[in-house]
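Here the structure is laid out as structure tokens; the discussion comes afterwards.
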Amino acid sequence: MSSNPLKTLTDLNCPPNIIEHSKAVSRKALRIGSNFMDNNGSYVDLKLVETGAMLHDIGRIKTHSIKHAVVGAEILRNLNFPEEIVNITLKHIGAGIPSDEAEILELPPGDYMPCTLEEKIVAHADNLMNGTIEVNIDFVSKKWEKKFGKNHPSIYRLKKLDKELIK
């Protein structure tokens, strides 16, 4: 395992557009994480956020399907990355996927909901990037409504995550 996530991506021949997207997500995630600072330091591990954001789409070197999160987590496990990084990658899809929806999407059995603050930050930073362009929650909501339908539970989760993280 390289301690440099950019080197890991380049060593695995990750496409340049995915690397640029990951850099943009990392910058956005660090900005969101800075909302959780106090006078004594931080409530969030910003190094973990930065690394997790850089590696969140590593599975796209093998697939662009929703399964890229599972594939990416497996790649990172095989490279001996810490489980915290593996989980950020595994749980970064949308605003999380509960086990019942995961089954419908034909993902391996499990709960793909971000639980830690770092997992939530990376997932939402990814939501708020369209490639390398930062977008707002209204843009994302409208995009998801077109894709999934107006009352899909993922839209509720998206708005809840936004309310929790964006101050």
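The values are calculated or read from the model by the stated rules, or taken from the named source; none is laboratory data. The shown structure was predicted, so the numbers you read here are calculated from the model rather than taken from an experiment. Please note: Cβ atoms are built from the backbone with ideal geometry, for glycine as well, and neighbour counts cover all protein chains shown. Please note that ligands, DNA and RNA were not included when accessible areas were found on the heavy atoms of the full protein model with its side chains. Shrake-Rupley method; radii C 1.70, N 1.55, O 1.52, S 1.80 Å.
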Take the alpha carbon atoms of the stretch 17-167, find their radius of gyration, then divide it by 2.2 N^0.38 Å using N residues; give the quotient.
0.98
Once both labels are modelled 7 Å past Cα along the beta-carbon direction, what's the E134-R77 spacing in nm?
3.5
If the limit is 26 Å between Cα atoms, which of K7/K142; K47/K147; K67/K142; K47/K143 go over it?
K7/K142; K47/K147; K47/K143
Could you give the distance between the Cα centres of the stretch 21-76 and the stretch 103-167, to the whole Å?
14
Distances over 15 Å make up what percent of all Cα-Cα pairs in the stretch 105-151?
59
If ligands, DNA and RNA are left out, what is the accessible area of H64 with a 1.4 Å probe, given in Å² to the nearest 10?
120
Would you work out the relative contact order for the chain, in percent, from Cα pairs under 8 angstrom that are 6 or more residues apart?
22
Per the Cauchy relation, a quarter of the hull surface: what is the mean projected area of the convex hull of the alpha carbons in the stretch 28-117, in nm²?
6.1
Protection proxy ranking, peptides 49-58, 108-117, 69-78, 94-103, average beta carbon neighbours within 10 Å, highest first
49-58, 69-78, 94-103, 108-117
